[in-house]
Amino acid sequence: MAKPKKAAKRAAKAAKRADIEQTHRATTHPDGPVAQVAGKASELADQPPLIAICAATILLGATMRRPAVLRSGVRMLASHLLATAAKSVLKASIDRTRPARAVKEGHRIEKGTGAKDSSLNSFPSGHTAGAVAVAQAVATESTAAGLPLQVAALGVAAMQPVRGKHYMSDVLAGAAIGWVAERIAHAGLRAGEAGLKAGIARWKA
């Protein structure tokens, strides 16, 4: 029993070391013009732009009387808000040096102090969490419409280590948060719709 535990610990240490080393290598590598443009585009996955996109989708669906678009917008917003709440709790609970700072001062990860220093908020990737949550929300309503957004979310995730913002483990955690947030939002909205339909049916009866 002891040997598998030791092997698991060695594997975990090796994975952590590879995560840090590879991210630092990507962070210090000179950015080409394509990476620079992609990096700026990835800022669309920040909270204000995503909320604006969700709100615009809701407004479009309501104005055009397109229930599918309206549902998609509501699901996008709910998923994004849940993902944002989850990542905010984790960021406040865990202090991890962002790669751009870590390559100069050294990497550290420890229990969070609630500090507002953004250079210690590497874990998890909020941009990835938000992008995945919104992309999955659209894909739940329409696979075809969601596919380009899923590809875009993958691009956002890939740019985070390159820009020195997050480690790959931060990105993976953010993606998991976004996916789970969308699943919870979807389940909640389905339950709400079912309850509303049942209430209307009882009222008509």
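The values are calculated or read from the model by the stated rules, or taken from the named source; none is laboratory data. Since we're looking at a predicted model, the values are computed, not measured. All Cβ positions, glycine included, derive from the backbone under ideal geometry; neighbour counts span all protein chains shown. For accessibility, only protein heavy atoms count, side chains too; no ligands or nucleic acids. Shrake-Rupley method; radii C 1.70, N 1.55, O 1.52, S 1.80 Å.
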Within the chain, what's the longest run with no trypsin sites (Lys or Arg not before Pro) in a DSSP loop and at most 10 other beta-carbon atoms within 10 Å? Give the range, please. 117-205
Accessible area per residue of the chain at 1.4 Å probe, in Å²? 58
Fully extended contour minus Cα-Cα distance, from Lys13 to Ser119, at 0.36 nm per residue: 35.8 nm
Let me know the shape class of region 73-164, please: from the alpha-carbon gyration tensor, a ≥ b ≥ c as square roots of the eigenvalues, rounded when a/c is under 1.5, otherwise prolate if a/b is greater than b/c, or oblate. oblate
Of the heavy-atom accessible surface of the chain (probe 1.4 angstrom), what whole percent is carbon and sulfur? 66
Between Arg108 and Leu147, what is the FRET efficiency for a Förster distance of 41 Å, r being their Cβ-Cβ separation, to the nearest 0.05? 0.60
Does region 107-205 come out rounded, prolate or oblate, given a ≥ b ≥ c as the square roots of the eigenvalues of its C-alpha gyration tensor, rounded meaning a/c under 1.5 and, failing that, prolate meaning a/b above b/c? oblate
Can you tell me the 0 to 90 degree angle between the C-alpha axis of helix 126-141 and the longest principal axis of the chain, rounded to 10? 30
